[in-house]
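The values are calculated or read from the model by the stated rules, or taken from the named source; none is laboratory data. Bear in mind the structure is a predicted one, so any value in this text is a computation, not a measurement. Glycine gets a Cβ as well: all are built from the backbone with ideal geometry, and neighbour counts include every protein chain shown. Quick note on the areas: whole protein, heavy atoms, side chains included, nothing else; ligands and nucleic acids left out. Shrake-Rupley method; radii C 1.70, N 1.55, O 1.52, S 1.80 Å.
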Amino acid sequence: MPNVPATPAVPRRDQIRKEAARLFAARGFLGVGVDEIGKAVGISGPALYRHFSGKDAMLADLLIGISERLLEEGRRRAGEATAPDGALDALIVGHVDFALDDRDLITLHDRELLHLKEEDRRRVRRLQRAYLELWVEVVRRTYPALAEPTAEPTARTAVHAVFGLLNSTPHSADRTGLSRPAMAGLLRGLAQGAFTAAAEQGAAQ
C-alpha cells in the first residue's frame, strides 16, 4: 500500500480555540464551563490553564484574534491588487470566506462582545474601525462617484450594509440548501451589486 501522509496534528491551543468558539456560540459565554471546554479537547479543565488564564482570556483571544486577522488579511489583499476594483473584489471574497468558514466567531461577536474586559473591547473596536476604513477607502477609489466629499456617507453606509449582509450568513447558510460555492458566489454578487447601487446613488446626488 502507498504511504499516506499523516495529517498534521492541530496544536492544542488551536483545538481549545475551536471548541471554545463552538460552545460559546451554541450555548453562550456564561453557559459554558472550563471543564466542558476541556472535555471537548480531551483534557481536564485545570489543564486548560496551561494555555489560557481562564474563560475571559479565551473569549478575548478569539475576538481580538479574528479582528486582527481580518484587518491584516484585508490589507494584504488590497495591497496585492493591481487595480481598485480588484482590491474591492479581493476584500469581498475574503470576507465571504470568513462569513462561511468562521460562523461561530461572527455569532460570538454579535452576542458576547459585552463580556470582554473594557480594554479588550476597546481594542476590538479599534481594529474593526480600521477594517471599516480600509473598505471605505477602497470603495471610494473603485467608484469615482463615491470619491466626491458629499458621497462619503453613501460609501460608508454601503460598507456597513454589506457587512450586515455577509455577517448574517450564520443565520441563513444552513437553511438555504445551497452548496458552499453557490453560497459564496451569491454573496459575492450581492455585495458587488450593493456597491454598484451605492455608486449610482452617489452619482445622482
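For residue 201, neighbours were defined as the other residues whose beta-carbon sits under 13 Å from its Cβ, and their charges (Lys and Arg +1, Asp and Glu -1) total -2.
Sequence-ordered 3J(HN,Hα) estimates for segment 139-155 from the Karplus curve with 6.51, -1.76 and 1.60 and θ = phi - 60° stand at 4, 6, 6, 6, 10, x, 5, 8, 7, 5, x, 5, 9, 4, x, 5, 4 Hz, glycine and proline given as x. Entry note, segment 33-149: relative contact order of 28 percent, from Cα contacts under 8 Å with a spacing of 6+ residues.
Coupling constants for segment 83-93 follow from the phi torsions by the Karplus curve (6.51 cos²θ - 1.76 cosθ + 1.60, θ = phi - 60°), and in residue order they are 8, x, 5, x, 5, 5, 4, 5, 5, 4, 4 Hz; glycine and proline get x. Of the residues 168, 191, 81, the one whose Cα sits farthest towards the positive end of the charge dipole of the chain is 168 (charges of +1 on Lys and Arg Cβ, -1 on Asp and Glu Cβ, taken about the Cα centre).
Give me the net charge of residue 146's neighbourhood, meaning all other residues with Cβ under 15 Å from the Cβ of residue 146; Lys, Arg count +1, Asp, Glu -1.
Net local charge, residue 146 excluded: -3.
Would you mind checking which residues have amide H under 5 Å from residue 178's amide H? H placed 1.01 Å from N; only 5 or more apart, or other chain. Amide H neighbours of residue 178, under 5 Å, 5+ apart: none. Think of a 1.4 Å ball rolled over the protein heavy atoms: the chain then has 55 Å² of accessible area per residue. Rounded to the nearest 10 degrees, the angle from helix 55-80 to the longest Cα principal axis of the chain is 40 degrees. When only the Cβ of Lys, Arg, Asp and Glu is charged (+1, +1, -1, -1), the dipole of segment 55-203 relative to its Cα centre reaches about 140 debye. From the P(r) of segment 55-203, could you give the percentage of C-alpha pairs in the tail past 26 Å? Cα-Cα pairs of segment 55-203 separated by over 26 Å account for 27 percent.
Within 10 Å, count the other beta carbons around each residue, average over each peptide in 92-103, 181-192, and list them highest first.
Values: 92-103: 18.6, 181-192: 15.5.
For the peptides 92-103, 181-192, the packing ranking is 92-103, 181-192.
Straight-line cross-link partners of residue 117 among the aspartates and glutamates, defined as a Cα under 19 Å from its Cα and at least 8 positions apart when in the same chain: 56, 61, 68. Electrostatic bookkeeping for residue 12 treats Lys and Arg as +1 and Asp and Glu as -1; over the other residues with beta carbon under 15 Å from its beta carbon, the sum is +2.
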